[in-house]
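Each value in this text was obtained by applying a stated rule to the coordinates, not by laboratory testing. Predicted model only: the values in this text are computed from it and were never measured. Here the Cβ positions follow ideal geometry from the backbone for every residue, glycine too, while neighbour counts run over all protein chains shown.
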Amino acid sequence: MKNLIYFCAFFNEGYIDLSKLLISSMIHFGNINPDTTDILMMTSQEFKLKLEDQKLNIKFHIVEANSLYEACYSRLRIFEYDKINDYDKILYIDTDVLFLGDINEVLNNQIDEKIYAVEEAGSRKWHYFLYSKYQALCVLPKKSFSTGIMLFKNSIIIKDIFNKILNHIIEWISLGKKMPSLVDQPFVIYHALENNLYDNELLTKYVSMWMNIELDEYVNNEKYYRDKKLVHFVGTGTGGYKIKLDYLTKLFEHVVEKRRTKKIYIISDEILIENQKWICDRLKDQFTEYFPMNTTNNPEEADYIWYIAPWNYQYIPDGYYDLEWLALLERKKVVASIHHIDADNLAIGKYTRQFKFIKKYASLIHSICPQTTRDIYKLGEFGVPIITKYLWEKDPKFYEIGGEERIGLRKKYGIGESSFVIGNFQNEKMSKAPEIFLKIVLDMIEKERKIEVVLCGRNRQFLIENFEKLGVKYHYHQMAPLENINELYNCLNLYIITSRYEGGPRSIIECALTRTPVISTKVGIAPEFMDANSLYDVNNWESYRDAIPNVDILAQNIAFLRKQNYLDEFRTALFP
């Protein structure tokens with residue numbers, strides 16, 4: 001048997017618009033499966049005709065209601081619907097309700113022969129209208145329940161209590177008695193309490209009751225409705241459809257925009273050398289793979305332009321002239337990732353044009369580590385928010401190789417089995433301090449260690465020339481595929497980072513994944529993830545002798561970067 005969700009609209013044409021809004025929220029957020037759940041509208045023939053042309057996938061049950069009272073208690077006539085026996089669970093909702101989440105989480109609950117409703121403090125005077133003042137104030141529960149959302153079984157017991165409530169109301173009106181301002185709610189409460197057929201706990205966790213909270217305060221603070229499946233606007237009681245429509249429309253539009261799939265166009269290095277991509281291009285590929293619905297190759301449909309490699313600020317996508325592209329940037333939200341700031345290059349003006357570009361177009365700056373954030377603030381020139389988020393790690397190509405396979409790797413690459421092998425897989429910019437790496441290698445050799453060096457990356461001429469002149473045995477793999485880089489990490493006894501300035505270095509993460517012992521200067525993310533005893537002073541290179549690798553602590557500290565929820569957190573922080 002199927003589930004049934006139903007609502008009512010009568011008497012006041014304003015409730016047609018509320019009904020349309022309610023249905024829109026069902027479509028957007030309710031995750032309603034038509035194979036398991038039907039939607040029914042109880043309404044008049046006149047209202048049905050006004051909604052039929054909307055091509056909504058809903059059913060109608062025609063019930064005439066000619067007064068506010070009849071409109072309110074018409075929901076109790078649900079068992080008159082000729083298809084009612086097709087359904088097992090039934091969920092009633094007022095038209096001043098919005099769906100904000102998967103309603104199946106509500107419908108999938110196991111329920112008993114009760115009316116399940118949402119706890120509501122309210123006024124005991126009005127909730128308990130049919131009881132004496134003494135009972136209302138001193139005997140009955142302090143918190144009753146709202147009848148704006150009710151879940152119940154299609155059963156003889158529930159049908160019987162609905163009929164009793166309905167007959168009680170009709171008799172009350174026929175006797176000319178004063179009706180309560182809450183109309184049928186006190187009658188539902190009375191019969192549910194008297195027969196012990198209610199539960200005001202189960203649904204409460206799924207519903208946000210919007211009452212006595214100003215529009216902007218509620219809409220702009222997701223704490224009120226985050227993780228809720230339904231919002232019930234109860235701020236005006238019965239009637240008052242205009243304010244309900246206004247408030248709920250603004251909430252709906254806000255949530256739709258917040259949850260709309262934001263599109264991101266990414267600009268990285270856009271470089272392919274010897275069929276190998278640089279790190280930012282690999283990060284772009286990973287992000288695109290994990291968020292295919294959030295990324296796009298069409299800048300026009302993007303909400304965000306992300307310069308993950310802002311040094312490539314002069315890049316113009318195909319199909320654009322320079323001025324066209326710059327005009328597009330002014331219409332978009334631009335995020336610029338700053339990896340590190342090289343003080344030497346800053347002093348000679350190498351960042352001037354890049355930072356001028358960021359200052360003009362960026363609406364957010366992403367710093368990849370706390371040290372970079374501190375350096376950005378020292379500049380004090382951007383005037384936009386700065387978010388510090390480490391880059392994730394999702395590359396499956398880096399892992400530890402053990403056993404016989406690891407032993408065979410040295411033979412594969414011509415590395416001596418008994419040698420102490422040192423690695424450095426970066427380029428030779430001055431910020432990487434290759435002269436310090438050379439000093440450390442020579443210092444180790446002086447201590448009569450059998451040293452071999454493995455180099456990767458471009459522009460390693462300084463070290464190569466010095467190694468050849470000094471007779472240091474080395475192996476150079478310029479732009480090796482990542483599979484080979486992973487194997488080379490697994491050949492090492494020690495990886496040494498000598499950089500003066502870095503945003504990463506990425507090799508710290510790769511050493512953790514391959515379980516490669518590593519020591520580093522206090523640069524970039526090194527102080528954040530590495531054991532303090534594994535660090536040395538770039539201004540006192542001989543202090544490397546006291547640095548002790550600790551790959552266990554490193555691997556433990558970077559583990560969160562590999563989790564999917566971190567990548568989700570990263571995306572949400574930069575592209576809300």
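A compact table of results
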item	result
Shape of region 2-259, Cα gyration tensor, a/c cut at 1.5	rounded
Stokes-Einstein translational diffusion, region 427-496 - Kirkwood Rh over all Cα pairs, 1.306 mPa s, 10 °C, in µm²/s	125 µm²/s
Convex hull projection area averaged over all views, region 403-562, Cα basis, nm²	9.0 nm²
Scattering curve values for region 264-388, log₁₀ I(q)/I(0), Debye with Cα scatterers, q = 0.12, 0.20 Å⁻¹	-0.46, -1.26
Exceeding the 19 Å Cα-Cα cut-off - candidates K522/K563; K48/K229; K133/K178	K522/K563; K48/K229
Anisotropy class of region 464-552 from Cα gyration tensor, a/c 1.5 cut	oblate
Karplus (6.51, -1.76, 1.60) ³J(HN,Hα), θ = phi - 60°, over region 403-414, in Hz, Gly and Pro reported as x	x, 4, 4, 5, 4, x, 5, 4, 5, 4, 9, x
Farthest positive-ward along region 474-576 dipole, Cα basis, beta-carbon charges - from A512, F575, N493	F575
Sequence ranges 292-301, 339-348, ranked by mean other-Cβ count within 10 angstrom, highest first	339-348, 292-301
Length gained when the stretch I386-I111 is fully extended (0.36 nm per residue, less Cα-Cα span)	94.1 nm
Unit Cα scatterers, Debye sum, region 8-50: log10 I(q)/I(0) for q = 0.21, 0.22, 0.34 Å⁻¹	-0.73, -0.78, -1.19
Segment K178-A343, extension gain: residue separation times 0.36 nm, minus the distance between their alpha carbons	51.3 nm
Convex hull volume per residue in cubic angstrom - Cα atoms of the chain	217 Å³
Anisotropy class of region 120-184 from Cα gyration tensor, a/c 1.5 cut	oblate
Considering only the chain, percent of DSSP beta bridges that pair antiparallel, nearest 5	20 percent
Nearby lysines by direct alpha-carbon distance to K333 (threshold 21 angstrom, same-chain neighbours under 8 apart not counted)	K258, K262, K263, K284, K356, K359, K360, K389
Taking all pairs of distinct alpha-carbon atoms in region 390-432, Kirkwood radius in angstrom	13.6 Å
Computed FRET value (nearest 0.05) for M1 with K159, which takes r as the C-beta separation and R₀ as 22 Å	0.90
Region 16-70: trypsin sites (Lys or Arg not before Pro) falling in loop per DSSP and having at most 16 other Cβ within 10 Å	K55
Given K439/K473; K83/K153; K114/K177, the pairs whose alpha carbons are separated by over 23 Å	K114/K177
R0 of 30 Å, Cβ-Cβ distance I316-I553: FRET efficiency to nearest 0.05	0.10
Trypsin sites (Lys or Arg not before Pro) restricted to region 207-268 and DSSP loop, no more than 13 other C-beta within 10 Å	R226, R260
Amide hydrogen neighbours beyond the local backbone of E120, cut-off 5 Å, H modeled	S144, F145, S146
The chain - percent relative contact order, Cα under 8 Å, separation 6 or more	9 percent
